[in-house]
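Novice: A single structure is presented below for examination.
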Amino acid sequence: MADHTGKRASKRAAKRIDTSSIKTTTLISFVVFALFLVMILWGLSNFFLSSFYERARSQEVIRTAETLEAQFKQDRFNFGSLAVQTASTNGIYIRIDTEEDTLIFDGTREIQGSEVFDTDVSRIKTKLASTDTGSVSETRRDASGAGSRLIYASYVTANGTDNVLCIIAPLYPDQVTVRILRDMLIYVSFIVLIVSLLLAFALSVRLTSPIEKLTRSAMELSKGNHDVYFDGAGFTETKELARALNKASYEMEKTDFYQREIIANVSHDLKTPLTMIRSYAEKIIDITGDNPEKRNADLNVIISETEHLNRLVTDMLSVSNLQSNNVKMNMETFDLVQAARSVYESFRVLESDGFEIYFHPCKAAYVVGDRTRLTQVMTNFVSNAVKYSGDNKYIDIRLSKSSKKVTFHCIDHGMGIPSDEISHVWDKYYRTSANHERGIEGTGLGLAIVKGLLNLHGAKYGVESEEGKGSDFWFEMDTFRKPAAEKQAAEEAE
Ligand code: ADP
């Protein structure tokens, strides 16, 4: 029992923090990014600030030295006031050794002790004396470990005498500045973190809200509510997804509708032959059983009705196989014109019923495909032409060949298809409104099978039709060279 409660609690926790959700991922990414940014800021301030500060400060001290030198040369008596001001504002130690005396202006806030400065001064002066560059500088680490200091010395020649200017400047910010910088960095870090969190939250809400809306609509759809509308407003991708889902929902609704229709139609189509079979069987038992002629006629009706049932069931199986990609193709190279001719021949029997079927072949056109299936396609086109020809029983079977293509046309002059229904005739279970009214037998599966088979052959296909005038169902395939075996057979026949 305790184990179960534990499991439930951990499940609940897992549900609460879903690490693969957009919200958590965005939040984690932003926090990681913010932490990375803060780390860079701290790293930069700790490792590079001091060297950057040292360089900038050294350049500034050299500039200050030049100003002081110029002032000393120009107006020696006002040099003192400039040196006092410079020393205190820049926090540096300035010393000038003339022939008469030594002037010291100490503005360093960190008291180094005069003995340190004296050692520095005497060393840099020795260095200056040993070079002829006129000025020297060096950096030394403070004994306190706080940082380095710049020691600079130069000759300042005034009134023919050489004087020595020395400047000692700490190359590190004072403690107050460091503290202020640290505090600022802490504030900046906090601001970066908080802004990132807010941004992550806002972004994840913005990202997920259209997805959540779409999910809610999908749940509705899964309950069978086809009126649901998918709204993906927000992002191009979610709009695309919503459009695709709306299309899918429309298609599902359509299929549902057709399926309901077909159940009604198929049950009607199944019921009629079954009733016929039953009544003719009863008739044989009760009446015609002893009369061989009448009995045979009744048995023929039963056979024809079972054939019809067989066709219906075969069609349904074909559609289901095509849908599940469960169709084995026997590909071969054959002459489509010849195959079309045999289809034509098989329909000529209808001439006795008043049909006028014409065959307009072109030169032999070799295609690569499954001969039986393509024959099935052509048979379907022609049998539809027969079925929907109405009173005009004139049908054309035409083949035309262009450079590398052959097109099969089956043209009738019958009832045609209304323009708003023409795109649906390839859908499974679709039957135009008119043929319902006329009560023409059919399943609405023939063209769906044709479409599946032609797609498997990579063929183009279509229909041109005008209501009341007739239809032209066609498909087009690539042609190939006559196979060597056939070539030889043809030559032998000649
Ligand atoms: P069916 O078993 O109903 O004939 P099909 O898939 O072969 O099924 O055809 C679908 C629908 O397309 C038919 O019900 C019919 O309304 C329409 N159709 C097909 N061929 C023709 C044609 N030659 N002339 C007019 N309508 C046609």
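Novice: May I ask you to derive the FRET efficiency for SER222 and GLU332 from their Cβ-Cβ distance with R0 = 30 Å, giving the value to the nearest 0.05?
Specialist: Working from the Cβ atoms, E equals 0.10.
Novice: Evaluate the relative contact order of segment 236-323 (contact order divided by residue number), counting alpha-carbon pairs under 8 angstrom at least 6 apart; express in whole percent.
Specialist: 25 percent.
Novice: Hey, could you get me the Stokes-Einstein D for segment 236-323, Kirkwood radius over alpha-carbon pairs, 37 °C and 0.692 mPa s, rounded to whole µm² s⁻¹?
Specialist: It diffuses with D of about 201 µm²/s by this estimate.
Novice: Helix 22-43 versus the longest principal axis of the chain: what angle, 0 to 90°, nearest 10, using Cα atoms?
Specialist: Between the helix axis and the principal axis of the chain, the angle is about 20 degrees.
Novice: May I pose another question? Report the charge-dipole magnitude of the chain in Debye, nearest 20, computed about the Cα centre from +1 at each Lys and Arg Cβ and -1 at each Asp and Glu Cβ.
Specialist: It comes to approximately 1080 debye.
Novice: So what is the relative contact order of the chain, in percent, for Cα pairs below 8 Å that sit 6 or more residues apart?
Specialist: So the answer I get is 9 percent.
Novice: Using label points projected 7 Å from each Cα along Cα→Cβ, tell me how many nm separate SER342 and PHE47, to one decimal.
Specialist: Placing both labels 7 Å along Cα→Cβ, they lie 8.1 nm apart.
Novice: Turning to a different aspect of this structure: From the backbone phi of segment 357-370, what are the Karplus-calculated ³J(HN,Hα) couplings (6.51 cos²θ - 1.76 cosθ + 1.60, θ = phi - 60°) in whole Hz, Gly and Pro given as x?
Specialist: 10, 10, 10, 10, x, 10, 5, 3, 10, 8, 10, 9, x, 8
Novice: Let me ask another. Taking the highest mean first, how do the peptides 125-134, 359-368 order by number of other beta carbon atoms within 10 angstrom per residue?
Specialist: So the order, starting with the most tightly packed, is 359-368, 125-134.
Novice: Peptides 349-356, 396-403: what's the order by average Cβ count within 10 Å, highest mean first?
Specialist: Top of the packing list down: 396-403, 349-356.
Novice: So, one more: Please give the per residue volume of the convex hull enclosing the alpha carbon atoms of segment 64-174, rounded to a whole number of Å³.
Specialist: Per-residue hull volume (Cα only) is 96 Å³.
Novice: Also, I was wondering about something else. Obtain the nm distance between the two label points defined at GLU100 and ASP18 by a simple spin-label model: each point lies 7 Å from its Cα along the Cα-to-C-beta direction.
Specialist: Rounded to a tenth, the inter-label distance reads 9.0 nm.
Novice: May I ask for the angle, rounded to the nearest 10°, between helix 236-286 and the longest principal axis of the chain, with both axes built from Cα atoms and the value confined to 0 to 90°?
Specialist: The angle comes out near 20 degrees.
Novice: Ok, one more. When a/c reaches 1.5 or more, the comparison of a/b and b/c decides; with that in mind, is segment 329-485 rounded, prolate or oblate per its Cα gyration tensor?
Specialist: prolate
Novice: Starting from the coordinates of the alpha-carbon atoms of the chain, obtain the Kirkwood hydrodynamic radius over all distinct pairs and give the value in Å to one decimal.
Specialist: 33.7
Novice: If one takes the longest principal axis of the Cα atoms in the chain, at what angle in degrees, from 0 to 90 and to the nearest 10, does the Cα axis of helix 79-90 lie?
Specialist: Tilt relative to the chain: about 40 degrees.
Novice: Report the one residue of TYR388, ASN159, LEU27 whose Cα lies farthest in the direction of the positive end of the charge dipole of the chain (charges on C-beta: Lys and Arg +1, Asp and Glu -1; origin at the Cα centre).
Specialist: Farthest towards the positive pole: LEU27.
Novice: Please list ASP174, ASP298 in order of solvent-accessible area, largest first, computed with a 1.4 Å probe with all protein chains present.
Specialist: Descending accessible area places them as ASP174, ASP298.
Novice: Also, I was wondering about something else. How much area per residue is accessible in the chain when the probe is 1.4 Å and only protein heavy atoms are counted (Å²)?
Specialist: 60
Novice: Additional query: Please report, as a whole percent, how much of the solvent-accessible surface of the chain comes from carbon and sulfur atoms (probe radius 1.4 Å).
Specialist: 56
Novice: So what is the relative contact order for segment 64-174, in percent, with contacts set as C-alpha pairs under 8 Å and at least six apart?
Specialist: About 26 percent, as a whole number.
Novice: Divide by every residue of the chain the summed helix terms, -39500 (n - 2.57) for each DSSP H run of at least 4, and state the resulting mean residue ellipticity at 222 nm, rounded to the nearest 500 deg cm²/dmol.
Specialist: Taken over the chain, the calculation gives -19500 deg cm²/dmol.
Novice: Which distance in nm do the two modelled labels at ASN455 and ALA129 give, with both placed 7 Å along the Cα-to-Cβ direction?
Specialist: Placing both labels 7 Å along Cα→Cβ, they lie 10.1 nm apart.
Novice: For segment 195-293, what class follows from the C-alpha gyration tensor (a ≥ b ≥ c being the square roots of its eigenvalues): rounded when a/c is under 1.5, otherwise prolate if a/b is larger than b/c, else oblate?
Specialist: prolate
The values are calculated or read from the model by the stated rules, or taken from the named source; none is laboratory data. All values reported here derive from a predicted model rather than from experimental measurement. Positions of Cβ are backbone-derived with ideal geometry, glycine not excepted, and every protein chain shown enters the neighbour counts. Just the protein is used for accessible areas: all its heavy atoms, side chains included, with ligands, DNA and RNA removed. Shrake-Rupley method; radii C 1.70, N 1.55, O 1.52, S 1.80 Å.
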